[in-house]
Structure formats: C-alpha cells, structure tokens
C-alpha cells in the first residue's frame with residue numbers, strides 16, 4: 001500500500017564547505033535523514049520511513065497516517081535561530097506495509 005507523507009528538507013552550509021541536507025516528516029515523530037545532496041537525502045528519508053514503518057508493523061503498532069498538509073516556517077525558525085539557509089517541501093510516496101490483522105481481514109473475505 002502506498003501513502004504520501006509531507007517531508008521538509010533543510011539545506012545548510014554551516015559547518016561544511018559543501019553544505020548538507022536534513023529531512024524530516026512532521027507526521028512521523030523522530031524519523032530524520034541527512035545527505036550531501038537533495039537526491040541523497042530524499043533517498044535516505046524514504047529508506048528511514050520505510051524502516052520505521054516495518055519496525056512498527058512488526059511490533060503490532062499502529063502506523064502513522066499523513067495529516068500534515070502545510071508547513072509554517074515560523075514554527076521552525078524559533079526566535080530567529082534558524083539553522084537552515086533554505087527549505088524544500090514535497091510529498092514523498094512511501095510503500096507502507098499492510099498490518100497483519102488487515103491481511104487476515106482481506107484474506108478472510
């Protein structure tokens with residue numbers, strides 16, 4: 001099953017001669033990613049989300065659902081102490097595992 005999660009990538013040159021990207025999905029607590037390029041951080045973010053969902057599914061935990069539809073950058077830039085030079089916001093398509101109880105329900109029909 002595929003779902004689309006809003007992902008925010010921040011780019012910063014601070015502390016690096018080439019700059020780095022960091023990514024997060026507001027609807028998935030404590031799931032982050034980094035990369036040297038936007039392509040790399042996007043690939044890493046997709047992998048981080050996929051691993052998080054697989055772990056939750058294996059534990060029988062409820063998977064997060066995408067609810068966020070916009071980003072308020074005032075919330076990110078706390079008291080003018082923003083650590084990023086620019087942002088990229090996009091919908092990232094993620095393959096989400098079907099919980100085992102849902103598989104049973106579908107199989108029993």
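Where a number appears in this text, it was derived from the coordinates with a stated rule and is not lab data. These numbers were taken from a predicted model, which means no experiment stands behind them. Here the Cβ is made from the backbone with ideal geometry for all residues, glycine too, and neighbour counts use every protein chain on show.
Can you tell me the FRET efficiency between residue 72 and residue 17 if r is taken as the Cβ-Cβ distance and R0 is 30 Å, rounded to the nearest 0.05? Mind dumping the intermediate values first?
Values: r = 31 Å, r/R0 = 1.05.
Result of the calculation: an efficiency of 0.45.
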* **Separation in nanometres of the label points that stand 7 Å from Cα toward Cβ, at residue 91 and residue 40** => 2.9
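How do 35-43, 5-13 rank on mean C-beta neighbours within 10 Å, highest first? Write down the numbers at each step before the final one.
Working: 35-43: 15.2, 5-13: 18.9.
In decreasing order of mean packing, 35-43, 5-13 become 5-13, 35-43.
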* **Packing-based order for 25-31, 44-50, using average beta carbon neighbours within 10 Å, highest first** => 44-50, 25-31
